[in-house]
1. In what order do Asp62, Asp20 fall by count of nearby beta-carbon atoms within 10 Å, going from fewest to most?
2. Which helices, counted as full DSSP H runs in the chain, have an axial Cα extent of no less than 20 Å and a Kyte-Doolittle average of -0.5 or above?
3. Going 7 Å from the Cα of Gln177 in the Cα-to-Cβ direction, what parts of region 95-137 have a backbone nitrogen less than 12 Å from that spot?
4. Would you mind getting me the FRET efficiency between Thr47 and Glu99? Use the beta-carbon distance for r and R0 = 25 Å, nearest 0.05.
5. Based on the mean of other beta carbon atoms within 10 Å per residue, what is the order of 154-165, 8-19, most packed first?
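Throughout, read-outs are computed from the coordinates displayed, never taken from laboratory work. Keep in mind that what you see is a predicted model, and the values were worked out from it rather than measured. No Cβ is skipped: glycine too gets one built from the backbone with ideal geometry, and neighbour counts run over all protein chains shown.
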Amino acid sequence: MTLQLLTSATVRLRPMEASDLPLIYQLENDTRLWNAAANTQPLSRGTIEKFINASTGDIYKDGQLRMIIEKRESECKCEGKGVGAIDLIDFSPRHLRAEIGIGLLPEYQSQRLGTEALRLMEQYASQALFVHQLYAYVDPTNEISLRLFTSAGYQRVGTLHDWQKTPEAYQHILLFQKIFH
């Protein structure tokens with residue numbers, strides 16, 4: 001991987017490491033994110049450890065790629081420590097498309113880190129993997145995700161009606177898409 005493609009002044013994307021287990025455990029078990037990730041139960045440290053160990057970091061072998069988001073600032077105590085994750089999943093090498101998802105720890109949200117991580121992942125996907133398009137499923141009540149994908153140039157291309165069951169009712173999901181030329 002070309003590090004320059006994955007690094008900016010404020011963010012660095014890097015492959016998962018065994019030391020990221022606490023971060024991934026926290027993200028995967030944050031019940032506020034479960035609707036977006038389609039989780040229905042907590043994941044154990046052992047399950048997450050197996051996921052990390054089984055990942056080759058090769059999207060062609062795994063069909064997905066998870067990168068850890070690091071905040072880069074000399075005065076930041078978090079330098080070198082993951083603050084979130086960004087994923088390419090359901091990768092289709094035939095059609096050169098993938099679903100994109102992002103999660104940041106709450107204390108690092110609304111700092112434009114997600115915007116920069118998304119830009120870096122798009123750059124990597126289009127320039128290194130030759131992906132033609134990325135798409136995202138967005139909960140219409142998730143204002144942060146709606147702003148993120150809209151400001152990044154994703155087009156809302158549809159609504160999936162009654163797509164997710166919540167404790168209250170069925171919920172629509174919005175489909176966003178970005179095509180690279």
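1. Final ranking by Cβ density, sparse to dense: Asp62, Asp20.
2. Helices meeting the span and hydropathy rule in the chain are 113-127.
3. It comes to 97-98, 133-136, nothing else.
4. 0.75
5. Taking the mean over residues of other Cβ atoms within 10 Å, the ranking is 8-19, 154-165.
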